[in-house]
1. Given GLU380, GLU409, which one is in contact (Cβ under 8 Å) with a residue 12 or more places away in the chain and either in a loop (DSSP other than H, G, I, E, B) or among the aliphatic types (A, V, I, L, M) (or both)?
2. Identify the single condition in (1) at pLDDT 85 or above; (2) out of contact with any Phe, Trp or Tyr (no Cβ under 6 Å at 6 or more places or on another chain); (3) in a loop (DSSP other than H, G, I, E, B) that ALA55 does not satisfy, given that it satisfies every other one.
3. Just a yes or no: is a residue in the stretch 67-78 surrounded by fewer than 13 Cβ atoms within 10 Å (Cβ to Cβ) and not small (Gly, Ala, Ser)?
4. Go through the stretch 383-406 and give me each residue that's without any contact (Cβ under 8 Å) to a residue 40 or more places away in the chain, assigned to a loop (DSSP other than H, G, I, E, B) and open to solvent by 10 Å² or more (accessible area, probe 1.4 Å).
5. Select, from GLU420, GLU409, GLU437, the only residue that is modelled with pLDDT under 95 and under 28 Å from ALA196 (Cα atoms).
6. So ARG113 clears everything in (1) within 22 Å of ASP255 (Cα to Cα); (2) in contact (Cβ under 8 Å) with a residue 24 or more places away in the chain except one condition, right? Which one?
7. Looking at LEU232, LEU222, which is the one that is over 21 Å from the mean Cα position of the chain (by Cα) and surrounded by 24 or more Cβ atoms within 10 Å (Cβ to Cβ)?
8. Looking only at the stretch 408-435, count how many residues are among the β-branched types (Val, Ile, Thr) and either over 14 Å from ALA394 (Cα atoms) or open to solvent by less than 40 Å² (accessible area, probe 1.4 Å) (or both).
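The values are calculated or read from the model by the stated rules, or taken from the named source; none is laboratory data. Given the structure is predicted, the values throughout are model-derived calculations rather than measurements. Note: ideal-geometry Cβ built from the backbone for every residue, glycine included; neighbour counts use all protein chains shown. These accessible areas exclude ligands, DNA and RNA; they are computed on the full protein's heavy atoms, side chains included. Shrake-Rupley method; radii C 1.70, N 1.55, O 1.52, S 1.80 Å.
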Amino acid sequence: MLPMLAKLVAGLVGLLFVVGLVLALCAHSANRRWQGQLAALRAAGEPLTIQDIQALRAPATGEGDTIADVVTRAADEVEAIRGPVPRGVLGMPGGPDIDFFAGIPAGAIGMTRDYVSARRSALTRLGIIEGLRPGRYAISYDGSPADLTRFTDEGPPIRHLTQLLYLDATLRLVDGDTEGAASNIPLLLRILSPEADEPTGMAGLTSAGAVVRATRVLQDVLRVGVLQDETLRRLDAEFADCLASHSVRWALWGDRAGFIAVLEQHHSIGGVAGMVLRLQDGDHPERVMEMFGWLLDAGEDPAELLAAAKRVETELQKQSEWQSLTSWTVIRTPSLVVAHVWGIAEIRAARVVVAVERFRLKEGEFPELLEELVPEYLSEIPTDPFDGLPMKIARTDAGLVVYSVGRDEVDNSGSVVPDEGAREARDQGFRLLDGAERGVVLIDSPKVDVD
């Protein structure tokens, strides 16, 4: 009996040894493939770590002389004001929407003035950023997996500042100060300039949000009144500068570096547990890196970026296991790219709007075709980044719509107002009214419960 038991134990030990050896060999092979892929990318000059990316970024400048410094101080002032936001403030959670076409609820204006007035010092501070260099935020990237959320955790709450500028512009329009409202558009665009080389996808999403606020102010201004030609020229230059620096490359680099840091941490686990995890990953890490490569190889061309994002989405849909630890970062990259292209479409449409309005001021009417804007108001008609065709216009009973076909890439004849119950319009763009139709419309609103 004992000899048989000894043989059984010896056989079991031998089997475990063989299984362990196979696991070790497979894990070693997977690690060699992974390290070989990284080595090839390094040889091609690709920045793969936060340290690599930091070496490519402009040096941080002295305190107080950059947009980043001013924005940080303004954000600190806003954050210092504690307490819940009254529910009746325009455009804030629980408050009425800002819609100059449907009308501004008169009952919300006073509460909105109080909200903005309490934060006036931050607005005054932001007013000095013209002519300053972008600079860099004091965010301590260290190459750990936590870098993926560090911009959100350590960066200034820029969303609050863009909302404040938007509210200030809204109140100026209610007061009939169109030029003053328009002066907030360059501030909204310049606020996002320090984010251009922040190595995280969240910076890219924040930039897209600031662009949308700037372009919405432009639409509101031209809904209410008229700007001088000189102001329109200046706005066109601001939009052109913003477009020239609008890049998604740094965000993709940063997210890829974050993915690598997560995986390296994953692979640092030793013993049998580590081998099992590496086997569980299979070839996912290499495939994820390939997907980042598709996006980065697209460069700055919106059509190429969208094609790469669709390719990534298609690949992700094939695999239910893409929710694993080693691939969660890439899951959000298609949305980041689409948001980036959305911002490009907004800026290009805004430039067309400015050109159309300048044409109207000179000729007394809107152009029938966008070609009439070339070359006096536009050097060429901007391309719609979603379909690769020129931006479009459509006449309405009260004016004109300038639009892109938007995310669905279907031309819906300028349907830029969401259908009832829809979150997003079918096309993406701006409504312009004839001069006689412009002005502020105030509407009654129910009493707001602020308790």
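1. GLU409
2. Unmet condition: (3).
3. There is no residue in the stretch 67-78 that is surrounded by fewer than 13 Cβ atoms within 10 Å (Cβ to Cβ) and not small (Gly, Ala, Ser).
4. The answer is ASP387, LEU389, ASP397, ALA398.
5. Result: GLU409 is the single residue among GLU420, GLU409, GLU437 that is modelled with pLDDT under 95 and under 28 Å from ALA196 (Cα atoms).
6. Every condition holds for ARG113 apart from (1).
7. None of the others qualify; the one that does is LEU222.
8. Residues flagged as among the β-branched types (Val, Ile, Thr) and either over 14 Å from ALA394 (Cα atoms) or open to solvent by less than 40 Å² (accessible area, probe 1.4 Å) (or both) within the stretch 408-435 amount to 2.
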